[in-house]
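The values are calculated or read from the model by the stated rules, or taken from the named source; none is laboratory data. Bear in mind that the values here come from a model prediction, so they are computed numbers and not experimental data. Heads up, the Cβs are rebuilt from the backbone with ideal geometry, glycines too, and the neighbour counts pull from every protein chain shown. Surface areas here come from the heavy atoms of the whole protein model, side chains and all, with no ligands, DNA or RNA. Shrake-Rupley method; radii C 1.70, N 1.55, O 1.52, S 1.80 Å.
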Amino acid sequence: MAASATRLRRLASAAVAVTACGGAVLLTPSVSSNDRASGRPTVESLRQIINDPSAVVPSRTLQESALISSKSGPLDILVVGGGATGCGVALDAATRGLRVGLVEREDFSCGTSSRSTKLIHGGVRYLEKAVFGLDYGQLKLVFHALEERKQVIENAPHLCHALPCMTPCFDWFEVVYYWMGLKMYDLVAGRRLLHFSRYYSAQESVELFPTLARKGKGRSLRGTVVYYDGQMNDSRLNVGLACTAALAGAAVLNHAEVVSFLKDEGTQRIIGARIRDNLSGQEFDAYAKVVVNAAGPFCDSVRKMANKDALPMICPSSGVHIVLPDYYSPDGMGLIVPKTKDGRVVFMLPWLGRTIAGTTDSSTSITPLPEPNENEIQFILDAICDYLNIKVRRTDVLSAWSGIRPLAVDPNAKNTESISRDHVVSEEYPGLVTITGGKWTTYRSMAEDAVNAAIKSGKLSPSNECITSNLRLIGGDGWEPSLFTVLAQQYVRMKKSDGGKVVPGVMDTAAAKHLSRAYGTLAERVATIAQNENLGKRLAHGYPYLEAEVAYCARNEYCESAVDFIARRSRLAFLDTDAASHALPRIIEILATEHNWDKSRQKEEMQKAKEFLETFKSSKNAHFHDGKHQ
């Protein structure tokens, strides 16, 4: 409680400052270019800035100005792409004392990084391949991923947690096979182990997972083997990386795309990029000693800007996911089927109060807004149906989406037949370092490798080694699982009724837990807005998201559009497209107040958001005929 009291005092000080300035937010100074010129900040001072619960990220206007001013003194590194890897690169470089800029065509985590399986995993299947294929390379991947898994969870404890996953066994051979395999997974994890795996009898398994079928395809359940991996709120983790990088001094700018590269006329080395701000339409040049291409599935498009003859290094694959009601799986226990009838993995996991189910990857084409194939949706439903004792219905699908994973082929490799499940760092064109491949779990080490390559390419002079293996992200330092009790006890939700009357409401446990998990130690700032600005009403029935979050994200998390909020700041679009659609008018109304949108812009936002939600093939926007989906 002492730590909570300290946070409250800091929050009160910040509130007084805001009031004294007529509502203007006073920015806590981040690491500016002047600081760097006079003497680079120490690692400890960076940690203090990032961990200060009253710190506020620089405004988007200031971030753009920092990129524009790079003409007089070039950045050390300009990152293209605001996904997990790109934001990880920006954070890593900034905390090494380098001058960093980042641009993202849409929003942070708008692509693959928000459409993941939500698992932070070491790779059980890779371990199986390593053992049976005697493949040391696969084993190294597992060792590395398990190391990174632990660090991701520790660096963002409010957004990540350990999740038990149950593997059903319908004969005794499967029991022995999976028990031995998952014990080996425990052994490989070593000190990085989350919890020990164990066997449960059929009766114990059904008690833990009530919807699990006792019989399947004429076989009786013999028991289950439960092991642990990590789970995350992927896009909020990505936004947290961007905001942490901004506090560390990086100039991060979403809704800004690279139009072309700037090259030295003599050496033809890339020295920057022409950038278009997609919100204002303004174009400007940003100069940098090295450009890091972290554009995920679109990294080949960026490479072709430098060299139109560049060979492809991306082999895109698609992973489809659906969201079902919470009663499909118990809270705190997932179900993973390692091998379905066609050899794919199917999982069913509790996530943010609902159930997420999905498959492994299949080949696809690259598109900005991938849509799930109906056959894939039906495959998932059919696959989980074999293991559940309840009726699985297409009408239960609340949301469905597809994500593109950029599997990498090293363009410098002599043999490109084997697609890498690891990441690839390459500098084929002077001044342009490309990082691609890998997975969410290993984003931090991918970023470290990319920054190391950039330092070598640009002959940069960092002030220290990489520190991100032990760096809490914004909102993570000092967070405890019990923080929600402080919110529930000390705050109320002031709600404005339809008639304009303001009425108090309790900060119920569901809302308090959500704020604590989504914002960490910064949750009190969101609760303060709910209490002091009469924005305590829920945005959608059955979901804990509050109006105050829209205002907070607009002010503190670079939330620049309605889609930014429903997809990446909250997860409404991914959880329930119908609920997201109903919440849109109020979300747009609050954002219009925060960003001074006129009626035309508000109408445009509504149209774009509805088009975006149409790509999520829930039962609400699917077309049925005679009871079957067409």
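Given a 1.4 Å probe and the protein chains all in place, what does the accessible area of residue 568 round to, in Å² to the nearest 10?
It works out to around 10 Å².
Tally Lys/Arg at +1 and Asp/Glu at -1 over every other residue whose Cβ is under 12 Å from the Cβ of residue 552; what's the total?
Numbers: positive: 525, 555, 569; negative: 524, 533, 547, 549, 557, 594.
Neighbour charge sum, excluding residue 552 itself: -3.
Determine the share of the chain's accessible area contributed by carbon and sulfur atoms, expressed in whole percent, with a 1.4 angstrom probe.
53 percent
Applying 1/(1 + (r/R0)^6) with R0 = 51 Å to the Cβ-Cβ distance of residue 374 and residue 459, what FRET efficiency is obtained, to the nearest 0.05?
Efficiency computed from Cβ-Cβ geometry: 0.45.
Could you list which residues have their amide H under 5 Å from that of residue 99, counting only those 5 or more apart in sequence or on another chain, with H placed in the peptide plane?
76, 77
Straight-line reach from residue 129: which lysines have Cα under 16 Å away, leaving out those fewer than 8 places along the same chain?
Correct list for residue 129: 140, 183, 339.
For a quick check of your reading of the filter: which chymotrypsin sites (Phe, Trp or Tyr not before Pro) in segment 483-525 sit in a DSSP loop and have no more than 11 other Cβ atoms within 10 Å?
Here no loop site has a sparse enough neighbourhood.
Return one whole number: the accessible area per residue of segment 482-615 in Å², for a 1.4 Å probe. Write down the numbers at each step before the final one.
Details: 5230 Å² over 134 residues.
Per-residue accessible area for segment 482-615 comes out at 39 Å².
Can you compute the helix-only [θ] at 222 nm over the chain? Use -39500 (n - 2.57) per DSSP H run of at least 4 residues, normalise by all residues, nearest 500 deg cm²/dmol. Please list the in-between numbers first.
Numbers: 20 runs with 236 residues, N = 630.
Value at 222 nm, helices only, nearest 500: -11500 deg cm²/dmol.
Limiting things to C-alpha atoms, what are the Rg and the maximum Cα-Cα separation (Dmax) for segment 125-228, in angstroms?
For segment 125-228, the Cα radius of gyration and maximum Cα-Cα distance read 15.4, 46 Å.
Along Cα→Cβ, 7 Å out, is where each label goes; now give me the distance between the ones at residue 482 and residue 614 in nm to one decimal.
Roughly 5.1 nm, to one decimal.
Per residue of segment 496-505, in order, report the coupling 6.51 cos²θ - 1.76 cosθ + 1.60 (Karplus, θ = phi - 60°) as ³J(HN,Hα) in whole Hz, putting x for Gly and Pro.
Along segment 496-505, the couplings run 9, 6, 4, x, x, 7, 8, 10, x, x Hz.
Residue by residue through segment 339-346, what is 3J(HN,Hα) from phi via Karplus (6.51 cos²θ - 1.76 cosθ + 1.60, θ = phi - 60°)? Round to whole Hz and write x for glycine and proline.
8, 8, 4, 10, x, 8, 8, 10
Evaluate E = 1/(1 + (r/R0)^6) for residue 327 and residue 509, where r is the Cβ-Cβ distance and R0 equals 25 Å; express this FRET efficiency to the nearest 0.05. Spell out each step's value before the answer.
Numbers: r = 20 Å, r/R0 = 0.79.
Rounded to the nearest 0.05, the efficiency is 0.80.
In segment 185-222, which trypsin sites (Lys or Arg not before Pro) fall in coil by DSSP and have 14 or fewer other Cβ atoms within 10 Å? Mind showing how you got there, number by number?
Working: sites: 191, 192, 198, 214, 215, 217, 219, 222; in loops: 214, 217, 222.
Answer by residue number: 214, 217.
Taking the simple approach of a point 7 Å from Cα along Cα-to-Cβ for both residue 154 and residue 72, what is their distance in nm?
4.2 nm
In nm, give the distance between the simple-model label positions of residue 309 and residue 283, each being 7 Å from the Cα along the Cα-to-Cβ direction.
Those two pseudo-labels are separated by 2.6 nm.
Give the aspartates and glutamates whose C-alpha is closer than 15 Å to that of residue 150, dropping any in the same chain fewer than 8 places away, or say none.
Candidates past the 8-residue exclusion: 186, 229.
Give me, ordered by chain and number, the residues 5 or more places off residue 422 or on other chains with an amide H under 5 Å from its own placed amide H.
Result for residue 422 returns 438.
How large is ³J(HN,Hα) for each residue in segment 449-460, as worked out from phi by the Karplus curve 6.51 cos²θ - 1.76 cosθ + 1.60 (θ = phi - 60°), to whole Hz, x for Gly and Pro?
Calculated HN-Hα couplings, in order: 5, 5, 5, 4, 5, 5, 4, 5, 5, x, 6, 7 Hz.
Give the long-range amide H neighbours of residue 545: residues separated by 5 or more places, or on another chain, with amide H under 5 Å away, using H modelled in the peptide plane at 1.01 Å from N.
Residues meeting the criterion, in which the H sits 1.01 Å from N, are 539, 540.
What is the packing order of peptides 76-87, 424-435, taking the mean over residues of other C-beta atoms within 10 Å and listing the highest first? Write out the running numbers ahead of the final one.
Working: 76-87: 30.6, 424-435: 22.0.
Highest mean packing first, the order is 76-87, 424-435.
Taking 1 over the mean of 1/r across every pair of different Cα atoms in the chain, what Kirkwood radius in Å do you get?
25.3 Å
May I ask you to list the GluC sites (Glu not before Pro) in segment 213-290 that are in a DSSP loop and have at most 12 other Cβ atoms within 10 Å of their Cβ?
Filter output for segment 213-290: 265.
Whole percent per 5 Å bin, from 0 to the bin with the longest distance: what is P(r) over all C-alpha pairs of segment 482-615?
Going from the shortest bin to the longest, the percentages are 2, 11, 22, 23, 21, 13, 6, 2, 0.
Looking at the chain, send over the antiparallel percent of its DSSP beta bridges, to the nearest 5.
On the way: 68 of 86 bridges.
Around 80 percent of the beta bridges assigned by DSSP in the chain are antiparallel ones.
What number comes out for accessible area per residue over segment 304-368 if the probe is 1.4 Å? Units Å², please.
Ligands and nucleic acids excluded, the figure is 41 Å² per residue.
Find the accessible area per residue for segment 82-170; the probe is 1.4 Å, ligands and nucleic acids are left out, and the unit is Å².
Roughly 28 Å² per residue, with all protein chains present.
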